[in-house]
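Visitor: Structure below; questions to follow.
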Amino acid sequence: MIVKDEFLNKLRRYFALNLYEVRIWTALLSRGVSTAGELSDIGNVPRSRAYDVLESLEKKGFVVMKLGKPIKYIAVKPEEVVERVKKRFKENANDAVKRLDGLKGTDVLKELELLHKEGIEFVEPSDLSGAIRGRHNLYTHLETMIKDAEKSVSIMTTAKGLARKIDALKPEMEKLNKKNVKIRIAAPLTKESLQTLKELGKVAEVRNVDKLNARFCIVDNKQLMFMVRDDNDIHPSYDIGIWIHTPFFASALSGLFDLAWKEMEPADKAVEKL
């Protein structure tokens, strides 16, 4: 059975295997039971590597070694393999999270923070900027920005963006609300926004904007992120944001936001008209 390279590459991504492992595994699946030598020939894997690869697949739960001589291997059902791999991924992820949680309060984290603090003193403000690609990364960075807010968070977004904000940022906004951080959000309000407004109303002041179409976030008049494309015209993976740490520019844009904010209709009045 000839297996296409495209299919092998998909298997590598899904199951986190190397090339020799997917070749041996698919070769064994096509045979059911086979020896290392036969699998080496079918999968085009050097014989000197076949036993190591099979041992690795056995540890990962893809194959079972059959008793007797010559030594043969049995393929585990693919459905069972998926469940085993899922379990292994979860265990590895949980272990990784525990290790990272264990860093809190340790000398390792303190030293890393010291390095960052000392290094940042020598950085020009213009260097504290960057392009963030992909909507997932954008929201991850937005979360990091607002997490450290001390005074204010001002957001201008689209109708679709308003719903995404509540999904991604609500937990952090709730924490900021308890710290009395002022959160303002301006967005076009629609009937689809009603449920989102109920949730946002507890943590932020929302106003309706119908004359402006922009996407940005200002934190403490120091940090700014603005998205360069309309989210109606771009696939999430191609979304791009520019992050800048500059009090001068952030304060200037915040001043313009304040002026526009005064002219915006409060959410409760806008809802009455929907």
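Visitor: When you scan segment 150-173, how many residues do you find that are among the small types (Gly, Ala, Ser), surrounded by fewer than 21 Cβ atoms within 10 Å (Cβ to Cβ) and not in a helix (DSSP H, G or I)?
Guide: Qualifying residue count, segment 150-173: 1.
Visitor: Among the residues that make up segment 46-57, is at least one of them of a type outside the set (Phe, Trp, Tyr) and outside any helix (DSSP H, G or I)?
Guide: Step one: filter segment 46-57 for residues of a type outside the set (Phe, Trp, Tyr), giving 46-50, 52-57.
Checking which are outside any helix (DSSP H, G or I) leaves us with 46.
Looking for residues that are of a type outside the set (Phe, Trp, Tyr) and outside any helix (DSSP H, G or I), one finds at least one in segment 46-57, hence yes.
Visitor: Just one of GLY37, GLY61, GLY68, GLY32 is in contact with a helix residue (DSSP H, G or I) (Cβ under 6 Å, 6 or more places away or on another chain) and either among the small types (Gly, Ala, Ser) or touching a residue at least 60 places away in the same chain (Cβ under 8 Å) (or both); which is it?
Guide: Of GLY37, GLY61, GLY68, GLY32, the one residue that is in contact with a helix residue (DSSP H, G or I) (Cβ under 6 Å, 6 or more places away or on another chain) and either among the small types (Gly, Ala, Ser) or touching a residue at least 60 places away in the same chain (Cβ under 8 Å) (or both) is GLY61.
Visitor: Out of GLY130, GLY201, GLY134, which single residue is under 26 Å from PHE248 (Cβ atoms) and of a type outside the set (Lys, Arg)?
Guide: GLY130
Visitor: Within segment 197-213, identify whether any single residue is over 23 Å from ASP258 (Cα atoms), out of contact with any Asp or Glu (no Cβ under 7 Å at 6 or more places or on another chain) and at pLDDT below 90, and answer yes or no.
Guide: yes
Visitor: Follow-up. Could you check how many residues of segment 13-30 are surrounded by fewer than 17 Cβ atoms within 10 Å (Cβ to Cβ) and basic (Lys, Arg)? Steps first, answer last, please.
Guide: Kept after step one, since they are surrounded by fewer than 17 Cβ atoms within 10 Å (Cβ to Cβ), are these residues of segment 13-30: 13-14, 16, 18-19, 30.
Within this subset, residues satisfying the condition of being basic (Lys, Arg) are 13.
Total meeting the criteria: 1.
The values are calculated or read from the model by the stated rules, or taken from the named source; none is laboratory data. Quick caveat: nothing in here was measured; it's all calculated off a predicted structure. So basically every Cβ, Gly included, is an ideal-geometry build from the backbone, and we count neighbours across all protein chains shown.
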